[in-house]
Amino acid sequence: MKEIIELTSELVKIPSISGNNQDEITKFIKEWLERNAGVKPNIEELDKNWYTIIAEKGEGKNVIMLNGHYDVVPPGDKSKWNVDPFSGTIKDKMIVGRGSTDMKGGLAVLMKIFSEVEPKNYKLVFTAVPDEEIGGLHGSFILAQKYTPNLVIIGEPSGSTNITLAEKGLFQIKLKGYGKVAHGSLPSLGENAILKVFRDLQRISDSLNKFRIDLPSDLKDIIEDTKELYKFPEVFSISFNPSVIRGGVKTNVVPDYCELEIDMRVPPGVKISELLEFFKGVIMETKLEPMDLSEPNYTSPNNIYVRLFEKSLIETLGIKPKKIMITGATDGRFFRYKNIPVIVYGPGELGVAHSYNEFVSFDELERSYKVLKNFFTQYDLGNT
């Protein structure tokens, strides 16, 4: 554990904000794996100026991939931190700093697991990608085209007693309203683009409960566990967040243009194309423009790897894990779109990610490590 704690701290000390400082952290991870895993990793430019670390060991028809991201979000207002966000401070049985939970603690655990496991009759692939925090298109998206593993384990923070098996889809759209300029004292001579956008926004809001959602039947356990863990009403419905608005040029001018961005997250059982057509039929005064769309996705709790992983957690920690759905997205979606089973499991809690004074506890690191080590050493993964 001392090694994992120190490794997490050293990773946090490298300020690898998405798109920046890739050289230092890729070199650090590569050299650590060379020293400790007995392999020669490659730093591959999967996309121009974006670098992914790939290391492999073992042979066999089955392939298991360990996947993590080394990029982090910006620290924000540093005056709101109790410590330097890139100090990797170790205190009170935790490591504090930007990325400690999301996900350099998980990355350290995966690196340690990869260095120790000697796969029998299968290939183990370690990957560390540069851009999960900004969409994953330069890293895991390309990895999912390059590899077709039998299983992907992503070390994102699930909490050591939870297994994340499902994710809501992303549905971000923009409403564009066009009007006619007039003097603000005579608005009847113009057409107010802001009012057009607001009226269509209300139409979308009012229609949300009319769109039918058919949750897949094999999500029963995930639904029950997630409801027990998260008490938020929008988890299994379509969330609705109008988030950015732009329009108008001056207080006394009728605006002839307005645009408004809406962020919605959709559960499994919703097809993005059908939802898009539904909303196009609801609006009356604006133009709907898709921004960022991704399908909801999940791995069945009945998958053999999931069952073995659940067994490992019970054997190691003595508790039955909760199998959950998260409202955000991970790089796991790129593999699930290819029907590759994905288990998201790692130390930390999602509520701590991206926050000021972000931390990961020693206990979370230790429990996650033990569960993963048991999974890789106690079961015949080469013939699963």
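The values are calculated or read from the model by the stated rules, or taken from the named source; none is laboratory data. Computed from a predicted model, the values in this text were never measured in an experiment. Counting neighbours? That spans all protein chains shown, and the Cβs are built from the backbone with ideal geometry, glycine included. Keep in mind that these areas ignore ligands, DNA and RNA; they rest on the heavy atoms of the full protein, side chains included. Shrake-Rupley method; radii C 1.70, N 1.55, O 1.52, S 1.80 Å.
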Item to complete: Report P(r) for segment 108-200: all Cα-Cα distances, bin width 10 Å, range 0 to the bin holding the largest distance, values in whole percent.
Response: 11, 26, 22, 10, 13, 11, 6, 2
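How would you rank 56-68, 311-323, highest first, on the average number of other Cβ atoms within 10 Å across their residues?
Numbers: 56-68: 19.8, 311-323: 16.5.
With the highest mean Cβ count within 10 Å placed first, the list reads 56-68, 311-323.
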Response to the item:
Counting only backbone N atoms under 16 Å from a point 7 Å out along Cα-to-Cβ of F278, the residues of segment 212-255 in range are 212-216, 234-241
Item to complete: Translational diffusion coefficient, Stokes-Einstein: compute it for segment 226-384 using the Kirkwood radius over C-alpha pairs as Rh, at 4 °C and 1.567 mPa s, and state it as an integer in µm² s⁻¹.
Response: 66 µm²/s
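With charges only on Cβ, +1 for K and R and -1 for D and E, what is the dipole size of segment 98-217 about its Cα centre, in debye, rounded to 20? Don't jump to the answer; show the numbers that get you there.
Numbers: 15 positive and 12 negative charges, 88 e Å.
Once rounded to the nearest 20, the dipole reads 420 debye.
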Discussion item. List the aspartates and glutamates whose Cα sits under 15 Å from the Cα of K320, skipping any in the same chain fewer than 8 residues away.
Written reply: D221, E224, D225, E228, E310
Worksheet item: Over segment 5-65, what per residue volume does the convex hull of the Cα atoms give, in whole Å³?
Response: 109 Å³
Item to complete: Give me the percent of DSSP beta bridges within the chain that run antiparallel, rounded to the nearest 5.
Response: 65 percent
Item to complete: With unit charges on the beta carbon (Lys/Arg positive, Asp/Glu negative), name the residue among F171, S361, S273 whose Cα is farthest towards the positive pole of the charge dipole of the chain.
Response: S273
Worksheet entry | Rg [Å, one decimal], Dmax [Å, integer] - segment 238-278, C-alpha atoms | 15.1, 47
Worksheet item: Can you pull the percent of the chain's accessible area that's carbon plus sulfur, 1.4 Å probe, other chains left in place?
Response: 49 percent
Worksheet item: How much length, in nm to one decimal, is gained on full extension between I17 and K311, taken as 0.36 nm per residue of separation minus their Cα-Cα distance?
Response: 102.2 nm
Worksheet item: How big is the Kirkwood radius of segment 43-136, worked out from every pair of different alpha carbons and given in Å to one decimal?
Response: 15.1 Å
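When the gyration tensor of segment 269-333 is built from Cα positions, what are the square roots of 5 times its three eigenvalues, in whole Å, from largest to smallest? Provide the component values of the computation, followed by the final result.
Details: eigenvalues 304, 22, 19 Å².
Working from the Cα gyration tensor, I get semi-axes of 39, 11, 10 Å.
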Worksheet, complete the sentence: Magnitude of the Cβ-charge dipole (Lys and Arg +1, Asp and Glu -1) of the chain about the Cα centre, nearest 20 debye, reported as 460 debye
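R0 = 51 Å: FRET efficiency of Y379 with D84, Cβ-based, nearest 0.05? Could you put the intermediate results ahead of the total?
Values: r = 42 Å, r/R0 = 0.82.
Plugging the Cβ-Cβ distance into 1/(1 + (r/R0)^6) gives 0.75.
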Discussion item. Can you divide the C-alpha Rg of the chain by 2.2 N^0.38 Å and report the result to two decimal places?
Written reply: 1.10
Item to complete: Select from L189, V12, I324 the residue farthest towards the positive end of the dipole of the chain; place +1 on Cβ of Lys and Arg, -1 on Cβ of Asp and Glu, and compute about the Cα centre.
Response: L189
Worksheet item: Farthest toward the dipole's positive end in the chain, which of Y379, F126, G97, given Cβ charges of +1 (Lys, Arg) and -1 (Asp, Glu) about the Cα centre?
Response: Y379
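Based on the alpha-carbon gyration tensor of segment 315-384 and its eigenvalue square roots a ≥ b ≥ c, which shape applies: rounded if a/c is under 1.5, prolate if not and a/b is larger than b/c, or oblate? Mind dumping the intermediate values first?
Working: a/c = 2.25, a/b = 1.16, b/c = 1.94.
Verdict is oblate for segment 315-384.
Once you sort the root eigenvalues of the Cα gyration tensor of segment 34-193 as a ≥ b ≥ c, which label holds: rounded (a/c under 1.5), prolate (a/b larger than b/c) or oblate (the other case)? Walk me through the intermediate numbers first.
On the way: a/c = 2.85, a/b = 1.81, b/c = 1.58.
Prolate, because a/c is 1.5 or more and a/b exceeds b/c.
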Worksheet item: How much accessible area per residue does the chain have, in Å², with a 1.4 Å probe?
Response: 44 Å²
Worksheet item: What is the pair-distance distribution P(r) of segment 158-235, computed from all Cα-Cα distances in 10 Å bins starting at 0, with each bin given as a whole percent?
Response: 13, 29, 22, 16, 12, 8, 0
